[in-house]
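The values are calculated or read from the model by the stated rules, or taken from the named source; none is laboratory data. Given the structure is predicted, the values throughout are model-derived calculations rather than measurements. Surface areas here come from the heavy atoms of the whole protein model, side chains and all, with no ligands, DNA or RNA. Shrake-Rupley method; radii C 1.70, N 1.55, O 1.52, S 1.80 Å.
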Amino acid sequence: MGSGHRLGRPFGWLWGAYGTSALGTWLAFGAFPLIAIQVLHAGPAEVAALSSVGAAVGALVAVPLGPWVEFRRKRPVLIAMDLVRCAALLTIPAAYALGALTFLQLLLVSVVVAAADISFRAASGAYLKTLLPAEDLLVANARFESTTWTTTIIGPPLGGAAIGLLGPVATVLADAVSYLLSALGIRAAGGHEPRPERREAARLRAGDLLDGWRHILTDAALRPLFFNTALFNGLVMATQPLLAVLMLGRLGFAPWQYGLAFAAPSIAGLLGSRLARPLVTRFGQHRVLVATGALRAIWPVGLAFVGPGTGGLLLVIGVELGLIFCCGVFNPVYATYRLERTATDRVVRTLSAWTVTTKASTALLTAVWGVLGGLLGPRAAIGLAGVLLLATPLLLPRRAAASRSASVTSGERRPPARGVR
């Protein structure tokens with residue numbers, strides 16, 4: 001990704017807004033469970049519900065928002081979702097200051113933020129497709145990916161320091177402010193966004209809720225990638241609580257060692273995202289997508305062999321380095337591939353359906369692996385997930401996608417001319 005490749009002022013503001021909100025998110029990483037434990041004295045079941053139930057209900061709430069957002073200008077939607085997240089998060093430090101904070105409030109805020117996150121991500125993908133020509137989408141997605149890994153590296157340590165100095169809700173306040181700044185940045189992007197054409201039937205119908213899934217499952221290239229993503233993400237995330245139990249409990253690692261094992265390898269994600277465009281230029285989109293999608297699946301099984309001491313810590317760091325590097329290359333290529341395969345008038349519904357399914361599968365598999373961890377032990381359950389991940393490359397697209405014109409079905413429009421840059 002060449003640093004001199006200019007994508008225009010509107011994208012610059014969008015990129016800056018994304019980086020600001022991403023930093024806020026990582027500053028507040030783990031803040032809700034921490035507040036639940038330290039302030040509300042919640043038990044393990046309540047802490048687990050805060051993450052799993054909040055995400056699941058938020059995904060359910062986001063389902064009808066996809067068709068609603070599809071036929072509206074995306075920039076106002078992005079601003080609105082940022083402001084909704086800001087307002088919801090601000091209720092937490094306000095209630096804390098008044099001594100009125102409750103677990104139910106934390107749960108409701110997590111639902112609102114989860115639903116707004118899904119709608120924002122879907123609308124931002126559609127907005128990006130109208131903002132930039134197709135040849136610039138990979139560059140843009142690679143920059144977003146680089147920003148994600150950069151904020152992953154610096155956010156949690158700064159957040160931990162802020163909590164130590166200013167108290168448990170400090171990072172939630174910072175996250176709320178980051179969404180406000182993001183909204184202001186998107187508003188400053190300016191430019192003219194064409195109004196989406198409305199359907200003949202303007203009223204939302206029950207069948208409209210399934211349009212995103214319908215498009216994914218009828219596209220021969222997107223369908224396997226969809227199942228690959230849901231299974232891969234779900235299995236990887238399902239092992240994280242078990243790995244925490246194994247490392248922090250039985251193996252006796254200190255919390256700072258556990259944090260280091262996952263923060264330091266994020267540098268590999270930054271490197272991978274910067275290599276995505278050069279690799280696609282040299283080897284082609286499909287080869288890079290399949291190769292990195294397959295390579296990322298071979299690493300997690302190594303976590304089943306982690307032991308105590310320095311050797312075990314280095315093993316985890318090595319596994320995470322390999323996994324995150326492959327993901328750093330794969331993610332922007334996959335995001336671009338998905339946008340190119342989806343007509344402009346159904347991007348929001350497609351991305352909403354994709355994200356809802358991924359979050360639901362992650363919640364389900366996390367629950368299943370929690371049970372398996374109790375029955376088999378954490379190490380065996382982690383190993384089982386690693387073995388299953390080795391089969392996920394079978395769900396990658398086997399052939400290079402047809403041209404974009406062939407991917408637009410009859411009844412879909414070609415993307416309008418871009419006049420925003």
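What are the ³J(HN,Hα) couplings of segment 81-97, residue after residue, when phi is run through the Karplus curve with 6.51, -1.76, 1.60 and θ = phi - 60°? Round to Hz, x for glycine and proline.
Using θ = phi - 60°, the values come out as 5, 4, 5, 4, 5, 4, 4, 4, 5, 5, 5, 6, x, 5, 5, 5, 5 Hz.
Give me the base-10 log of I(q)/I(0) for segment 58-97 at each q in 0.19, 0.31 Å⁻¹, Debye formula, one uniform scatterer per Cα, rounded to two decimals.
For segment 58-97 at q = 0.19, 0.31 Å⁻¹, log10 I(q)/I(0) is -0.67, -1.02.
Could you give P(r) for the chain, binned at 10 Å from zero, as whole percent values over all Cα-Cα pairs?
P(r) over the chain, rounded to whole percents: 4, 20, 33, 28, 12, 2, 0.
Before rounding to the nearest 500, sum -39500 (n - 2.57) across all DSSP H runs of length at least 4 in the chain and divide by the residue total; then give [θ] at 222 nm in deg cm²/dmol.
Only helices count here, giving -24000 deg cm²/dmol.
Would you work out the relative contact order for the chain, in percent, from Cα pairs under 8 angstrom that are 6 or more residues apart?
The value is 28 percent.
Taking the alpha-carbon set of segment 353-397, what are its Rg and Dmax in Å?
12.3, 35
Running a GNM on the chain with Cα contacts under 10 Å, which residue among A161, A221, A62 ends up with the highest mean-square fluctuation?
A161
Write down the accessible area per residue of the chain in Å², having rolled a 1.4 Å probe over the full set of protein chains.
44
Can you pull the percent of the chain's accessible area that's carbon plus sulfur, 1.4 Å probe, other chains left in place?
Accessible surface attributable to carbon and sulfur in the chain totals 68 percent.
Taking 10 °C and 1.306 mPa s as the conditions, I'd like the Stokes-Einstein D for segment 60-203 in µm²/s, using the Kirkwood hydrodynamic radius from alpha carbon pairs.
Value of D from the Cα-based Kirkwood radius: 92 µm²/s.
Compute the separation of the alpha-carbon centres of segment 244-271 and segment 107-159 and state it in Å as a whole number.
24
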